[in-house]
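K.L.:
Can you keep this structure in mind? I'll have questions shortly.
Nothing in this text is a laboratory measurement; each read-out follows from the coordinates by a stated rule. None of these values were measured; they are calculated from a predicted model.
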Amino acid sequence: MKKKTIVAAGGLVSNDKGELLLIYRRGYWDLPKGKLDEGESIEACAVREVEEETGLTNVLLDKLVGITYHEYFDEWKQRDVVKETHWFAMHVNGDQTLVPQQEEDIKDIKWVAQNDLGTYMQQTYINIVDIINRYYSSLHE
């Protein structure tokens, strides 16, 4: 039986200092992302989800960094699903207040310098490490 695919989008958000935005949810450091709404473009979804989950505004969308896939069991629908997440580079200007979206179980949000990412990457998912590595590689292309 073919697994249901859920399409999502998210962002690798940098600030004026070149730091990367990480969210802390359910015991892991992660990147903001969420499911595509019907009729919504993948780019609009990525920006909307970043803004909803972090409280940021005026998020500037850049290029697609890559697409990741991961399988999980959907407790609510009682079936295995594949999540296809489209990741975009993004940027915010100025010093904005970060507001964790409580209803999404986001407990903390941090700006992290590239040199300090190692500690956080020990407490995240392998596909997040992969997309962050792709993001930093793309900056030097």
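K.L.:
So what is the 222 nm mean residue ellipticity for the chain from helices alone, if each DSSP H run of at least 4 adds -39500 (n - 2.57) and you divide by all residues, rounding to the nearest 500 deg cm²/dmol?
P.N.:
On the way: 3 runs with 32 residues, N = 141.
Dividing the helical sum by the residues of the chain leaves -7000 deg cm²/dmol.
K.L.:
Mind checking which of Asp30, Asp105, Asp95 has the largest fluctuation in a GNM of the chain, springs on alpha carbons under 10 Å?
P.N.:
Ranking Asp30, Asp105, Asp95 by mean-square fluctuation puts Asp95 first.
K.L.:
Right, here's the next one. Taking the Cα atoms only, what angle lies between the long axis of helix 126-139 and the longest principal axis of the chain, rounded to 10 degrees?
P.N.:
40
K.L.:
List the residues whose amide H sits under 5 Å from the amide H of Ile106, counting only those 5 or more places along or on another chain, with H placed 1.01 Å from N in the peptide plane.
P.N.:
Gln101
K.L.:
What is the Cα coordinate range of the chain on the first, second and third principal axes, sorted by size from largest, in whole angstrom?
P.N.:
47, 33, 32
K.L.:
Amide H to amide H under 5 Å from Leu36: which residues, 5+ apart in sequence or cross-chain, H placed 1.01 Å off N in plane?
P.N.:
Val7, Ala8, Ala9
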